[in-house]
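The values are calculated or read from the model by the stated rules, or taken from the named source; none is laboratory data. In this text, all values refer to a predicted model and were calculated from it rather than measured experimentally. So basically every Cβ, Gly included, is an ideal-geometry build from the backbone, and we count neighbours across all protein chains shown.
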Amino acid sequence: MFPPQLAHFFVDWLTLPGDAVYDPFSGRGTAPLEAVLLGRQGYGSDANPLAVVLSQAKTRIPSKRTLLRRLAEVEAGYASDKVSVSDEPENISMLYSESTLRQLVWLRDQLDRKKDTDCFWIATILGMLHAGHNKSGEPRGFSISMPNTFAMSPRYVANYIKEHGLKRPEVDVFAMLRRRLDRLDLPEAKRQGGRTWTHDATAAPPAWLVKRRPKLIFTSPPYLQVIKYGKYNWVRLWFLGETATEVDKRLMASGSLPRYLTFMRSVSERLQQVVADDGYVCFVIGDVRRGEEDLNLAQAVWDEVLKDQGWHLHGIIPDEIPQQHKVSRIWKNNSGKATKVDRLLLMSPSPSSLPAVTSKTWSHSLSFASPET
């Protein structure tokens with residue numbers, strides 16, 4: 001995950017209001033949301049259904065009034081005796097009290113992710129499916145107190161519950177959702193600033209996107225086997241009716257550098273069909289641990305893939321992220337191959353000059369490495 005300020009800076013710097021901004025690996029929807037907030041069209045696609053839901057909720061934002069009306073409608077139809085949880089997986093039932101699980105199953109069955117209002121509620125629920133407790137001991141989410149943002153393996157969680165003697169909290173899901181909504185700064189009217197869709201970035205882009213020609217593509221492609229997103233989101237995928245195994249089959253995850261470079265070659269060829277002739281592409285690519293050394297993966301992608309495709313390189317800038325802010329910190333000494341350095345590879349379809357930097361929204365200085373280095 002890159003910080004919102006990073007996407008905000010590049011959208012503000014390299015595009016104008018009304019331009020389109022596209023993220024083909026939209027993840028949590030950070031780049032499309034920043035585009036929408038800055039008056040651009042924010043587009044996002046991903047092969048992960050979880051990412052598509054989260055991104056859609058941030059590009060097509062319902063009004064608070066509409067959301068409350070829809071939640072009241074779903075709640076009015078709820079009765080605990082209407083819902084059976086006997087068929088739910090044991091890995092799920094260990095996380096929630098029976099009454100809470102019944103409410104979640106009801107919401108899961110009633111909400112339709114294809115509808116903007118329902119999708120926003122689904123995204124909100126996904127963010128609260130598992131969480132820790134606050135200093136007063138009150139649950140922040142619906143589950144037992146979970147130690148991390150990502151869901152560790154079911155066996156790990158079961159042992160964690162036993163080791164800490166955790167009790168499933170009795171919470172009212174509908175009431176908690178209303179309280180969460182009160183803390184969100186939602187618009188008075190629906191804000192529809194883009195769209196999201198399910199898409200493999202190596203496949204042909206939709207014809208409408210090619211016609212639209214985004215001015216900026218800002219994205220963070222998968223790294224070299226840092227994390228399996230399905231595996232560590234198995235609870236959220238349960239709510240979406242998906243399985244971690246099937247989702248991970250759709251996503252790029254490999255420790256093979258040649259295979260990764262082949263993947264990036266396919267992605268960049270597709271993006272050449274999409275980006276505007278006077279537009280820009282910015283990849284956020286993290287260094288990767290290879291044995292005792294760190295591989296500058298962004299430089300490898302440029303040298304082995306992009307240079308021969310005719311792109312114009314503006315530069316590669318390192319962005320060192322403090323370890324406490326990286327998601328991989330949750331694995332402590334077993335944090336895989338992630339390092340603390342991300343690099344921003346900025347290029348355009350043809351030689352061009354960069355616009356002047358007038359924004360002060362990013363604290364880092366812009367000192368791009370020369371393309372020759």
Among the residues of the stretch 89-105, is there at least one that is outside any helix (DSSP H, G or I) and among the aliphatic types (A, V, I, L, M)?
yes
Quick check on my filter: what residues within the stretch 65-95 are more than 28 Å from residue 198 (Cβ to Cβ) and under 27 Å from the mean Cα position of the chain (by Cα)?
65, 68, 93, 94
Restricting attention to the stretch 238-266, the residues that are closer than 14 Å to residue 201 by Cα and either in contact with a strand residue (DSSP E or B) (Cβ under 8 Å, 6 or more places away or on another chain) or among the charged types (D, E, K, R) (or both) number exactly 2
Within the stretch 225-263, take every residue that is of a type in the set (Asp, Glu) and assigned to a helix (DSSP H, G or I) and give me the one that is modelled with the highest pLDDT.
246
Confirm whether residue 53 is assigned to a helix (DSSP H, G or I) and in contact with a Cys (Cβ under 9 Å, 6 or more places away or on another chain).
yes
Per the filter on the stretch 96-147, residues of a type in the set (S, T, N, Q) and surrounded by 17 or more Cβ atoms within 10 Å (Cβ to Cβ) are 97, 100, 103, 117, 124, 143, 145
Could you look through the stretch 298-319, keep only residues that are free of Cβ contacts under 8 Å to residues at least 40 places away in the same chain and acidic (Asp, Glu), and pick out the one that is nearest to residue 340 (Cα to Cα)?
303
The lone exception for residue 331 - which of (1) modelled with pLDDT of 70 or more; (2) surrounded by 14 or more Cβ atoms within 10 Å (Cβ to Cβ); (3) part of a helix (DSSP H, G or I) it fails
(1)
Return a yes/no flag: does the stretch 204-213 have any residue that is in a strand (DSSP E or B), in contact (Cβ under 8 Å) with a residue 60 or more places away in the chain, within 15 Å of residue 272 (Cβ to Cβ) and of a type in the set (Val, Ile, Thr).
no
Just wondering, is there one or more residues in the stretch 291-307 that are of a type in the set (Lys, Arg), at pLDDT 95 or above, in a helix (DSSP H, G or I) and touching a strand residue (DSSP E or B) at 6+ places or on another chain (Cβ under 6 Å)?
no
Identify the residue in the stretch 115-137 that is assigned to a helix (DSSP H, G or I) and hydroxyl-bearing (Ser, Thr, Tyr) and, among all such residues, is nearest to residue 74 (Cα to Cα).
117
